[in-house]
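The values are calculated or read from the model by the stated rules, or taken from the named source; none is laboratory data. Just so it is clear, the structure is predicted and the values come from calculations on it, not from any experiment. Backbone-built Cβ (ideal geometry, glycine too); neighbour counts: all protein chains shown. What goes into the accessible areas is simple: the full protein's heavy atoms, side chains included, and nothing from ligands, DNA or RNA. Shrake-Rupley method; radii C 1.70, N 1.55, O 1.52, S 1.80 Å.
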Amino acid sequence: GAVVSQHPSRVICKSGTSVKIECRSLDFQATTMFWYRQFPKQSLMLMATSNEGSKATYEQGVEKDKFLINHASLTLSTLTVTSAHPEDSSFYICSARSGSGGLGNTIYFGEGSWLTVV
Amino acid sequence: TQLLEQSPQFLSIQEGENLTVYCNSSSVFSSLQWYRQEPGEGPVLLVTVVTGGEVKKLKRLTFQFGDARKDSSLHITAAQPGDTGLYLCAGRNEKLTFGTGTRLTIIP
């Protein structure tokens, strides 16, 4: 079964509204979670690294005020797309790293969330 | 910025043929992973290679990590329609950076 769960799997929102996507690690604690965006027929692009209890680290070109990331607990990170526009429509995928860090820890991926902004 | 270029970007071959997908970077990675992704789903890990020069086999799939840990290849023998999908390499240091992807189609 899935060890990282995303919710919702699909969401449609109106342009200008905000939408929140949750990423939960189901049976392990994840001090670090990663958020990716994938446009159709393209690869996964890392948006930000989310660390529990601290501010997320955003990749170059990703607007931190538009894509709000909160990692308030060891099992939950949320991505909020604020003032969504049609160009934000994409497949958003999270991953969670088990353990306290280090390259030996496994990274598990969620099932992804389709966002459509109309 | 760590970039991983995959080639070819698209590949369509007949069932039973062999193929190789390449993943190249100018960066050194502590490990390199290969994933396969179906439409609308998250990527599924196929293999992790850690040591330079390492070769791993997974049934008809053979993965190799370059000696300098900058590149990798995936070779599929006797491809089957079930192998169709998006194949992604990903280099890992503190974070996981995905390659540009190879969309493979096996024609029955």
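The figures follow:
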quantity	calculated
Residue in segment B:37-48 that is under 27 Å from A:Q60 (Cα atoms) and in contact with an Asp or Glu (Cβ under 7 Å, 6 or more places away or on another chain) present	yes
Residue in segment A:7-22 that is free of Cβ contacts under 8 Å to residues at least 60 places away in the same chain, closer than 15 Å to A:A96 by Cβ and not basic (K, R) present	yes
Every residue from segment B:28-41 that is more than 10 Å from chain A (Cβ to nearest Cβ) and surrounded by fewer than 14 Cβ atoms within 10 Å (Cβ to Cβ)	B:V28, B:E38
Elements of type strands (runs of 3 or more DSSP E) contained in chain A, each with 1 or more residues being more than 14 Å from every other protein chain (Cβ to nearest Cβ)	A:10-13, A:19-25, A:67-73, A:76-81, A:113-117
Qualifying residue in segment A:3-12 (condition: over 16 Å from A:W114 (Cβ atoms) and surrounded by fewer than 20 Cβ atoms within 10 Å (Cβ to Cβ))	yes
Test: B:V44 is under 19 Å from B:A68 (Cβ atoms), within 12 Å of chain A (Cβ to nearest Cβ) and open to solvent by 70 Å² or more (accessible area, probe 1.4 Å)	no
Unique residue being open to solvent by 60 Å² or more (accessible area, probe 1.4 Å) and at pLDDT 95 or above when the list is A:L103, A:L68, A:L115, A:L79	A:L68
Residue selected from segment B:51-108 under the condition under 10 Å from the mean Cα position of the chain (by Cα) and of a type in the set (G, A, S), by the criterion most open to solvent (accessible area, probe 1.4 Å)	B:S73
